[in-house]
1. Identify, please: which residue in the stretch 120-178 is farther than 20 Å from Ala66 by Cα and among the acidic types (Asp, Glu) and is, among those, modelled with the lowest pLDDT?
2. Take the residues in the stretch 426-485 that are of a type in the set (Val, Ile, Thr) and in contact with a Lys or Arg (Cβ under 6 Å, 6 or more places away or on another chain), then tell me which one is surrounded by the most Cβ atoms within 10 Å (Cβ to Cβ).
3. Restricting to the stretch 167-187, count the residues that are among the polar types (S, T, N, Q) and crowded, with 21+ Cβ neighbours inside 10 Å.
4. Does the stretch 137-159 contain at least one residue that is polar (S, T, N, Q) and surrounded by fewer than 17 Cβ atoms within 10 Å (Cβ to Cβ)?
5. Looking at the stretch 371-392, can you tell me whether even one residue there is within 18 Å of Thr304 (Cα to Cα), in contact with a helix residue (DSSP H, G or I) (Cβ under 6 Å, 6 or more places away or on another chain) and in contact (Cβ under 8 Å) with a residue 12 or more places away in the chain?
6. Select, from Gly357, Gly384, Gly390, the only residue that is surrounded by fewer than 24 Cβ atoms within 10 Å (Cβ to Cβ) and at positive phi.
7. Going by the structure shown, is Leu218 within 30 Å of Gly108 (Cβ to Cβ) and not acidic (Asp, Glu)?
8. Has the stretch 97-115 got at least one residue that is touching a residue at least 60 places away in the same chain (Cβ under 8 Å) and within 16 Å of Leu160 (Cβ to Cβ)?
Amino acid sequence: MAETVSMAGVAPAYNPPMDTPDAEFEFRTTPVASSKDRERLRTAGGFTPAEGLKGELVPPGSKSVAQRWLLAATLAEGTTRIESLSESADIESALGLAERCARSFRRGGPGVVEIEGHPPGEHTGPGPSDVLMVGESGTLSRMATAALGLAGDPNTPITLRPEGTLLTRKSAPLFKALERAGVCFVMQNLPGTWPVTLVPTRNPGEILLERPVSSQELSGLLFGLAAFGEPGCVHVRGRLPSAPYVALTLRALLDFGVEVHVEHPDPGEFRYHVRGPLRAPEAALLVEPDASSAAVGLAGACITGGEVRIRLRNDTAQGDADIVEHLAAFGCRAQHVDGVLSAAGFPERGAELDLEGGPDLAPPLAVVAAAVALRRGESSVLRGLGTLPGKESDRLEGLCEGLLRAGFRAECGLDELRIGPGPHGVDPILLDPRCDHRMAFAFALLSLIRPNVKVVDPHCVAKSWPQFWEDLEALGARPGSRRPG
């Protein structure tokens, strides 16, 4: 019977500790018996092991950058033109929100939009009467909840409704901060979750955010305060997860004419002083390629011994551009020079990496660690992964289980993943990303080094990269017997 990865599945029968001697792989074949398994295999995606992904990759535009610009444009004075938007599901959700909250909204062709903002006034602000669908985007849900809670029409309740895995994700510190600031929650599914109906407040001056679970909570509060002409401050108490993403927010605010002054009065405390209002930039904003997606292509080049190049400005605020440093730690030739990210060469050694600032890099780097285990028999450790269980799926557990099913040794702790050579594998392998685009990327990369790996629900990549399968094929990845279609 086919092996199926469950994000909360049963532990495998054999899981040797990481300090046991390395063993060679022995892939075994097990027939796919049930009709359900045969159907899942028929519709699954995946590649066959390949050599040398090569070429220039153009990833979709950064959805992290685009979502911030779209939210700022919705609340800004004047009209903003944004170009090179991706066609991903997350961006379509952000566009839908902007269309309902802005004064005017016009699509100017593929990837182009013009938005006349609706800044808050004494008795006005964005106040859509219909439900705002935020899709499955945690970034959009958190930032829109915070920004509209502070800058929305105080006379109009606003309902934000997610879908999919976001229905079970929480952001309790954000809701607590908004409640202290005066936002009234009329309806909420469960405390700290969506869907939610809220009645906005007005600029409270200072907001306390305690023990945030995501930097997106801070980002949304900053956008809400920046919509006003009066000074405001977000006081953060406690460790800020994925802190490099705040740099994206500060860059986006600067693009709309708002500077943020940061104080660090005591250990574990920060004060972000902001004074708006947001003003639409005169020139069009061009969304740069997504560094998180770029990391997948660069990792694919390394695990297959190829070479991939991606154009990305050297002064990008995207923290995931650090992928080249992590790949270099594995012995790959990787750099970011003259506006080009590039990676080449096989991984030659195990590595110990701290990914607290860029947890989205964990899935592709876990596969690079698997490749060096397969090629050199060495083990690796990825640390700083404490936020992965709260993503679209439990990525920490999912990576561990997927690697185990593929014949590698893998152990996960509270915030780390250890990967090394393992004793055996089973064919064919059906890996279920559980509707998580980044897990689908990782399992697709795994199929480039491990025979007969198939990815269930390959279309879940549309959340961020609809053309993922085609783009990797263009670099030389060979599709499996059945390509997702």
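1. Glu122
2. This residue is Ile429.
3. The total comes to 1.
4. yes
5. Scanning the stretch 371-392 turns up at least one residue that is within 18 Å of Thr304 (Cα to Cα), in contact with a helix residue (DSSP H, G or I) (Cβ under 6 Å, 6 or more places away or on another chain) and in contact (Cβ under 8 Å) with a residue 12 or more places away in the chain.
6. Result: Gly384 is the single residue among Gly357, Gly384, Gly390 that is surrounded by fewer than 24 Cβ atoms within 10 Å (Cβ to Cβ) and at positive phi.
7. When the stated conditions are applied, Leu218 does not pass them.
8. no
The values are calculated or read from the model by the stated rules, or taken from the named source; none is laboratory data. Bear in mind the structure is a predicted one, so any value in this text is a computation, not a measurement. FYI the Cβ positions are ideal-geometry reconstructions off the backbone, even for glycines, and counts take in every protein chain you see.
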